[in-house]
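S.K.: Starting off with a structure, shown below.
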């Protein structure tokens, strides 16, 4: 969570945040596996990326571009069901998202 931001303190405030689970390289670069970004209104995926860059600057340049766009085979997952890469896709406060690599290795 970025400095100065506080996490939701009650169920009534849950809808003002977007919770993210960071997987793989995103987790390593951010230095944490989860974070929450404030979202008093719906955001685009690009705006979510911008908020993530502010909250976890280590993601910039490897996972997210300078403008918050996804880089290098990374994707978001909405509620663990749907892969999302479109910059204008709407992210609704209260949703749970994952940031992960969409490319398998081995």
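The values are calculated or read from the model by the stated rules, or taken from the named source; none is laboratory data. Just so we're clear, the structure is a prediction, and the values are computed from it rather than from any experiment. Quick reminder, even Gly has a Cβ in these numbers, built from the backbone with ideal geometry, and neighbours come from all protein chains shown.
S.K.: Output the residues belonging to region 33-42 that are in contact with a helix residue (DSSP H, G or I) (Cβ under 7 Å, 6 or more places away or on another chain) and surrounded by 14 or more Cβ atoms within 10 Å (Cβ to Cβ).
M.R.: 35, 37, 38, 39
S.K.: Would you check if residue 83 is surrounded by fewer than 16 Cβ atoms within 10 Å (Cβ to Cβ), in contact with a strand residue (DSSP E or B) (Cβ under 7 Å, 6 or more places away or on another chain) and in a strand (DSSP E or B)?
M.R.: Yes: the conditions hold for residue 83.
S.K.: If you scan region 12-37, which residues turn out to be touching a residue at least 24 places away in the same chain (Cβ under 8 Å), assigned to a loop (DSSP other than H, G, I, E, B) and at negative phi?
M.R.: Those that are touching a residue at least 24 places away in the same chain (Cβ under 8 Å), assigned to a loop (DSSP other than H, G, I, E, B) and at negative phi: 23, 32.
S.K.: Another one. Look at residue 7 and say whether it is modelled with pLDDT under 90 and either over 16 Å from residue 97 (Cα atoms) or in contact with a strand residue (DSSP E or B) (Cβ under 9 Å, 6 or more places away or on another chain) (or both).
M.R.: Yes.
S.K.: Residue 21: at pLDDT below 95 and out of contact with any helix residue (DSSP H, G or I) (no Cβ under 7 Å at 6 or more places or on another chain), yes or no?
M.R.: no
S.K.: If you don't mind, there's one more thing I want to ask. Collect the residues in region 78-106 that are more than 14 Å from residue 44 (Cα to Cα) and under 10 Å from the mean Cα position of the chain (by Cα), keeping them in residue-number order.
M.R.: 96, 98, 99, 100
S.K.: Return the residues of region 38-71 that are in a loop (DSSP other than H, G, I, E, B) and out of contact with any strand residue (DSSP E or B) (no Cβ under 8 Å at 6 or more places or on another chain); say none if nothing qualifies.
M.R.: Across region 38-71, the qualifying residues are 40, 41, 61, 62, 65, 67, 68, 69.
S.K.: When you look at residue 30, is it in contact with a helix residue (DSSP H, G or I) (Cβ under 9 Å, 6 or more places away or on another chain), at pLDDT 90 or above and within 16 Å of residue 100 (Cα to Cα), yes or no?
M.R.: Judged against the criteria, residue 30 is a match.
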